[in-house]
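Undergrad: One structure, as structure tokens, below. Some questions next.
The values are calculated or read from the model by the stated rules, or taken from the named source; none is laboratory data. Predicted, not measured: the structure shown is a model, and the values here were computed from it. Counting neighbours? That spans all protein chains shown, and the Cβs are built from the backbone with ideal geometry, glycine included. What goes into the accessible areas is simple: the full protein's heavy atoms, side chains included, and nothing from ligands, DNA or RNA. Shrake-Rupley method; radii C 1.70, N 1.55, O 1.52, S 1.80 Å.
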Amino acid sequence: MPASRSVDMLVVGAGFAGLYMVHRARGLGLDVEGVEAGDGVGGTWYWNRYPGARCDVESLEYSYSFDEDLQQEWEWTERYATQPEILRYIEHVADRFDLRRSFRFGTRVTTATWSESAPRWTVETDAGDAYEARFLVMATGCLSMPIDPQIPGLETFAGEILHTSRWPHAEPDLVGKRVGVVGTGSSAVQSIPLIAERAAALTVFQRTPTYAVPAHNHSLDPEEQAAVKARYPELRAEARQMAIATGSRVPRIDASTFEVDEQTRHQRFEQAWQWGGLPFLGAFNDLIIDPAANETAAEFVRAKIREQVSDPEVAARLTPRQVIGCKRLCVDSGYYATFDQPHVRLVDVGATPIDSVTPAGVRVGSDDGEDIELDVLVLATGFDAMTGALDRIDIRGRDGATLRERWAAGPQTYLGLGVHGFPNLFTVTGPGSPSVLANMVVAIEHHVDWITDTVAHLDGTGRTTIEAEREAQEEWVAYVNDVASYTLFPTCGSWYLGANVPGKPRVFMPLIGFPGYVQQVSDVTADAYRGFTLT
Ligand code: N01
């Protein structure tokens, strides 16, 4: 075994979570190191460089709040920031707080083993490094492990295969090429309009149609930005009181769908549509709870799709039937209208599945199928969400069992922060916390602050370990699923449920409702860390 470096805390990942964790740990005076698989900082924004990649939370909110000077000095240029701009922001943060020197880049953690006698984590990497750490913080991201679809013959394709989440740093030349895109989730919805601008022919292989609400993206007016910055602390505090921890400036009415007449309802949906983006689902307070209410919103969006696509047959194929918002709502800029262009074709692989990939392209249908010739195949096929990155590391807890084994029937955490049997392991925005159902930066800051305070508490009270109790964890997992069962979220095969990964147990992973969760974490902490054992 290589000689190991002993640290107080090891942080895995240099995205929003890992960088902030290192900053806070340094503030406590801890000896902290980080390991990052990418060659630079940024996490999800380092990897997802596909054309059109942007955040679906407004830039003024999708940013750190922990440092007043930072939030005042950084100037966002657009309502929804592009991937390059967010990456520049994260790089700025890394430089401003001198965070890079704590990270080992281009290195993957392979194993993490708890030693009860030490008591410490021993962590090894694929570069042959080893660390001994009192605390291990998994800041590995919720959408960081891409899925390669199991399509027969994929490896035989003679052209270029690109995955949206592993897009090459040198922009691939799509001009004049025959391009195919598999998938119609957010990554596809964002990239398809831009790929269409470059490609000679674009074929979109759609298995399930998607609901998308326009971003209405625009350059940020300096006066609007200044007005937000003047009230930043107040607006941030308001956002933390919202179910998804964002949207403090969205015009709100707190009404249920059938409390208003049909005309008012339509006006309200139109207003939300014109505002754009994810807040559409907040047009009424019961859209994700009441199936009939949800259907009114779905029908509104279906009509909008028909308005944007002139060929009624193509519009019908693009029109989803499932509950709106059950799979994550997409935020688009010209997605549906792209299908009006003569060189763009929609192939319904829900009706006629992909049979195989051949050296020349994609074959759809079996016996009398069709061969579609392609130069480039783009896989926008999603992620093994929330557990994927953790499952790929051999993490062994107190009795030698791996986290993967412990989570074979679905992830088990207490508060989404700790796992029974895995002392001093923290999962930032882990399953069982609001995580992907909240503004991630807000959720990250909350978790990192809690971890920091908890480590300070342990050190201040002469304790060395913290571990979630089995019973508290079981109750928490049941609670997370209970909350989901009151909503329409579990009614479709989404990645929130793990349904997009063959063999993954169907368990609703995020907890719905950010403010309630924050209160619960705060209550647990105030009640002497109820449900955790501190030794
Ligand atoms: O992945 P997805 P994504 N044959 O899982 C299809 C965040 N994000 O990367 O629905 C054919 O949503 C699959 O079809 P189906 C955001 O949270 C945010 O797009 O399973 N098709 C689906 O259409 C988002 O929700 C932003 O039937 C296959 C697609 O691939 C999350 O990341 C931008 C297939 C996968 O969609 C994931 O988004 C981008 C197969 N074998 C991403 N396998 C923003 O901030 C899969 N599919 C805006």
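Undergrad: Given the condition within 16 Å of the ligand (Cβ to nearest atom), of a type in the set (Gly, Ala, Ser) and not in a loop (DSSP other than H, G, I, E, B), answer yes or no: does some residue in region 361-373 qualify?
TA: Within region 361-373 (the criterion being within 16 Å of the ligand (Cβ to nearest atom), of a type in the set (Gly, Ala, Ser) and not in a loop (DSSP other than H, G, I, E, B)), the answer is yes, since at least one residue qualifies.
Undergrad: When residues of region 59-75 are filtered for being in a loop (DSSP other than H, G, I, E, B) and either open to solvent by 10 Å² or more (accessible area, probe 1.4 Å) or not aromatic (Phe, Trp, Tyr) (or both), how many remain?
TA: Number satisfying all stated conditions: 10.
Undergrad: Kindly indicate whether Ser186 is open to solvent by 10 Å² or more (accessible area, probe 1.4 Å), away from the ligand (no atom under 16 Å from the Cβ) and modelled with pLDDT of 95 or more.
TA: In short, no.
Undergrad: Condition first: more than 11 Å from Thr525 (Cβ to Cβ), of a type in the set (A, V, I, L, M, F, W, C) and open to solvent by 10 Å² or more (accessible area, probe 1.4 Å). Now tell me which residues in region 446-462 satisfy that.
TA: Residue satisfying the conditions is Ala456 alone.
Undergrad: Condition first: in contact (Cβ under 8 Å) with a residue 60 or more places away in the chain and closer than 14 Å to Gly410 by Cα. Can you find one or more residues in region 461-474 that meet it?
TA: Looking for residues that are in contact (Cβ under 8 Å) with a residue 60 or more places away in the chain and closer than 14 Å to Gly410 by Cα, one finds at least one in region 461-474, hence yes.
Undergrad: Quick one: in region 433-471, which of the residues that are in a loop (DSSP other than H, G, I, E, B) and more than 14 Å from Gly141 (Cα to Cα) is farthest from the ligand (Cβ to nearest atom)?
TA: Looking at residues that are in a loop (DSSP other than H, G, I, E, B) and more than 14 Å from Gly141 (Cα to Cα), I get Gly462.
Undergrad: Give all pairs with beta carbons closer than 6 Å in which a residue from region 375-402 that is in contact (Cβ under 8 Å) with a residue 60 or more places away in the chain and among the hydrophobic types (A, V, I, L, M, F, W, C) meets a residue that is open to solvent by 10 Å² or more (accessible area, probe 1.4 Å) and more than 16 Å from the ligand (Cβ to nearest atom); count only pairs at least 6 apart in sequence or on separate chains.
TA: Val376/Gly159; Val376/Glu160; Val376/Lys177; Ile393/Val109
Undergrad: Collect the residues in region 155-167 that are assigned to a loop (DSSP other than H, G, I, E, B) and either under 19 Å from Pro193 (Cα atoms) or touching a strand residue (DSSP E or B) at 6+ places or on another chain (Cβ under 7 Å) (or both), keeping them in residue-number order.
TA: Hits for region 155-167 are Phe157, Gly159, Trp167.
Undergrad: Sort out which residues of region 324-349 are assigned to a loop (DSSP other than H, G, I, E, B), over 16 Å from Gly180 (Cα atoms) and within 13 Å of the ligand (Cβ to nearest atom), and write them in order of number.
TA: Answer for region 324-349, where residues must be assigned to a loop (DSSP other than H, G, I, E, B), over 16 Å from Gly180 (Cα atoms) and within 13 Å of the ligand (Cβ to nearest atom): Gly325, Cys326, Lys327, Arg328, Leu329, Ser333.
Undergrad: Which condition does Ile86 not pass, out of (1) open to solvent by less than 10 Å² (accessible area, probe 1.4 Å); (2) of a type in the set (Val, Ile, Thr); (3) out of contact with any Cys (no Cβ under 7 Å at 6 or more places or on another chain), if it passes all the others?
TA: (3)
Residues checked against (1) in contact (Cβ under 8 Å) with a residue 12 or more places away in the chain; (2) within 16 Å of the ligand (Cβ to nearest atom); (3) surrounded by 20 or more Cβ atoms within 10 Å (Cβ to Cβ):
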position: Ser102; (1), (2), (3): yes, no, yes
position: Gly106; (1), (2), (3): yes, no, no
position: Trp114; (1), (2), (3): yes, no, yes
position: Val123; (1), (2), (3): yes, no, yes
position: Asp126; (1), (2), (3): yes, no, no
position: Glu132; (1), (2), (3): yes, no, no
position: Leu136; (1), (2), (3): yes, no, yes
position: Cys142; (1), (2), (3): yes, yes, yes
position: Gly159; (1), (2), (3): yes, no, no
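Undergrad: Follow-up. Sort out which residues of region 37-58 are closer than 16 Å to Asp95 by Cα, outside any helix (DSSP H, G or I) and either within 16 Å of the ligand (Cβ to nearest atom) or not small (Gly, Ala, Ser) (or both), and write them in order of number.
TA: Asp39, Val41, Gly42, Gly43
Undergrad: Still on this structure, I have one more. Among the residues of region 399-423, which ones are in a loop (DSSP other than H, G, I, E, B) and open to solvent by 10 Å² or more (accessible area, probe 1.4 Å)?
TA: Residues satisfying the conditions are Asp399, Gly400, Ala401, Trp407, Ala408, Ala409, Pro411, Gln412, His420.
Undergrad: Related question: Taking the options Phe383, Phe422, name whichever one is within 16 Å of the ligand (Cβ to nearest atom) and aromatic (Phe, Trp, Tyr).
TA: Phe383
Undergrad: With (1) away from the ligand (no atom under 16 Å from the Cβ); (2) assigned to a loop (DSSP other than H, G, I, E, B) as the list, and Ala196 as the residue in question, which single condition is left unmet?
TA: So Ala196 meets the others, but not (2).
Undergrad: List the number of the failed condition for Asp367; all other conditions in (1) more than 30 Å from Thr525 (Cα to Cα); (2) modelled with pLDDT of 95 or more hold.
TA: Status for Asp367: all satisfied but (2).
Undergrad: Take Glu91 and decide whether it is without any contact (Cβ under 8 Å) to a residue 24 or more places away in the chain, more than 16 Å from the ligand (Cβ to nearest atom), of a type outside the set (S, T, N, Q) and open to solvent by 10 Å² or more (accessible area, probe 1.4 Å).
TA: no
Undergrad: Next up: Exactly one of these conditions fails for Ile151: (1) over 29 Å from His23 (Cα atoms); (2) away from the ligand (no atom under 16 Å from the Cβ); (3) crowded, with 19+ Cβ neighbours inside 10 Å. Give me its number.
TA: (2)
Undergrad: Please specify each residue of region 119-149 satisfying the condition of being of a type in the set (A, V, I, L, M) and either over 30 Å from Gly382 (Cβ atoms) or not in a strand (DSSP E or B) (or both).
TA: Ala127, Ala130, Ala133, Ala139, Leu143, Met145, Ile147
Undergrad: Restricting the search to region 488-498, which residues are farther than 22 Å from Tyr414 by Cβ and either among the hydroxyl-bearing types (Ser, Thr, Tyr) or surrounded by 16 or more Cβ atoms within 10 Å (Cβ to Cβ) (or both)?
TA: Of everything in region 488-498, those that are farther than 22 Å from Tyr414 by Cβ and either among the hydroxyl-bearing types (Ser, Thr, Tyr) or surrounded by 16 or more Cβ atoms within 10 Å (Cβ to Cβ) (or both) turn out to be Leu488, Thr491, Cys492, Ser494, Trp495.
Undergrad: Could you check region 207-259 and list, in sequence order, the residues that are among the hydroxyl-bearing types (Ser, Thr, Tyr) and crowded, with 18+ Cβ neighbours inside 10 Å?
TA: Thr210, Tyr211, Thr246, Ser248, Thr257
Undergrad: Let me spell it out: the conditions are (1) open to solvent by 40 Å² or more (accessible area, probe 1.4 Å); (2) within 16 Å of the ligand (Cβ to nearest atom); (3) at pLDDT 95 or above, and Asp311 meets all of them except one. Which number is the exception?
TA: (2)
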